[in-house]
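The values are calculated or read from the model by the stated rules, or taken from the named source; none is laboratory data. Note that this is a predicted model, so its numbers are computed, not measured. Note that each Cβ is placed from the backbone with ideal geometry, even for glycine, and that neighbours are counted across all protein chains shown. Heavy atoms of the whole protein, side chains included, go into the accessibility calculation; ligands, DNA and RNA do not. Shrake-Rupley method; radii C 1.70, N 1.55, O 1.52, S 1.80 Å.
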Amino acid sequence: MAVQEVEVMQSDSSDDSSWPLAPGDDDQPSVVLVGRQLKLWRTAAGLRVPDFAKSMGYSADLVYKIERGARIPRPDYLDKADRVLNAGGKIAAMAEDMESARYPKKVRDLKRWEDEAVELGSYENHNLHGLLQTEEHMRALYEMRRPAYTSEEVDLRVSARMTRRSIFDRTPAPALTFVQEEVTLRRPIGGRMVHQRQLERLLEVGQLRNVEIQVMPTNRDDHASMDGRIQLLKFGDGSIVGHSMSQYGSRPVEDPKLIQVLELRYGIIRAQALTPRESLAFVEKLLGET
């Protein structure tokens, strides 16, 4: 009779080689699949969990959690497992999928769209667009959220948003346009120094040849999108995904008739806002006043 493995409830508080499942994201089949594969490799090698854990340098509790799909293995865990189990790179190759799996599905979908988009247009009326935010600004936003996020949740969300900034490094570069309400530039999120660095970041990004940042002044007496934020992502095959929180809720839309409405509205907003050159001058003026 095979020896039954008894789960040792050993604390894994000192283990930092895994990530928790994304909050509120129950659909993580890839994590469960990788956990199952790790267990198959381990059992095929004739190793019980305590022995495998000792060889890995992690707690047995962490090994159990990863094999159950309750924790997401980090690349260093997969690299060690690959060596211990003589997997010839097959386990280590799972690292990219696990890096993506640590973020909520909504973030994974948005990152995928941004990676594939040839054009992105966004109007923001309450916050700076996530792609424009500094890391300090992001962290301040998440830390002031109520009900409060845990420190781990804040770190996860900041990390997820930072990964999206790879869009600025893509070749060929996508066309990126942002229209920001004046108030989003004036609100000193995180305090004076964080605010200064955020304005400097806007000036830096606004100098990129594929980026245009525009400011919608508060004193405008005509405004095409009092309903709220708009985002449009256009792809190489001609398809478009749009989003308007107030009009269509949190779901993305692809219906050509709905997209036409969003494109019309976004085009008028850009015409009503300051030009990109005027907008950068406006940001420079704010920076001098901060």
State yes or no: is Ala87 aliphatic (A, V, I, L, M), under 19 Å from Arg161 (Cα atoms) and either modelled with pLDDT of 95 or more or touching an Asp or Glu at 6+ places or on another chain (Cβ under 9 Å) (or both)? no
Select from region 249-271 the residues that are in a helix (DSSP H, G or I), open to solvent by 30 Å² or more (accessible area, probe 1.4 Å) and not charged (D, E, K, R) and list them in ascending order. Pro256, Leu258, Gln260, Val261, Leu264, Gly267, Ile268, Ala271
Over region 277-290, the set of residues farther than 21 Å from Arg192 by Cβ and either surrounded by fewer than 18 Cβ atoms within 10 Å (Cβ to Cβ) or over 29 Å from the mean Cα position of the chain (by Cα) (or both) is Arg277, Glu278, Ala281
State all residues of region 229-245 that are touching a residue at least 60 places away in the same chain (Cβ under 8 Å) and either on the phi > 0 side of the Ramachandran plot or of a type outside the set (Gly, Ala, Ser) (or both); if no residue qualifies, say none. Arg229, Ile230, Gln231, Leu232, Leu233, Lys234, Phe235, Val241
If you take the residues in region 146-174 that are within 22 Å of Ala117 (Cβ to Cβ) and outside any helix (DSSP H, G or I), which one is most open to solvent (accessible area, probe 1.4 Å)? Thr171
Glu136 - would you say it is open to solvent by 50 Å² or more (accessible area, probe 1.4 Å) and either assigned to a helix (DSSP H, G or I) or hydrophobic (A, V, I, L, M, F, W, C) (or both)? yes
Across region 194-228, what is the number of residues that are touching a residue at least 12 places away in the same chain (Cβ under 8 Å) and outside any loop (DSSP other than H, G, I, E, B)? 18
Positions within region 11-50 being surrounded by fewer than 16 Cβ atoms within 10 Å (Cβ to Cβ) and modelled with pLDDT under 55, in sequence order: Ser11, Ser13, Ser14, Asp26, Asp27
If I filter region 187-202 for residues that are at positive phi and not polar (S, T, N, Q), do I get at least one hit? yes
Return the total of residues in region 85-113 being touching a Ser or Thr at 6+ places or on another chain (Cβ under 7 Å) and surrounded by fewer than 19 Cβ atoms within 10 Å (Cβ to Cβ). 3
Any pair with Cβ under 8 angstrom, 6 or more apart, that starts in region 80-105 at a residue that is among the basic types (Lys, Arg) and ends at one that is open to solvent by 20 Å² or more (accessible area, probe 1.4 Å) and in a loop (DSSP other than H, G, I, E, B): Lys80/Gly57; Lys105/Asp27
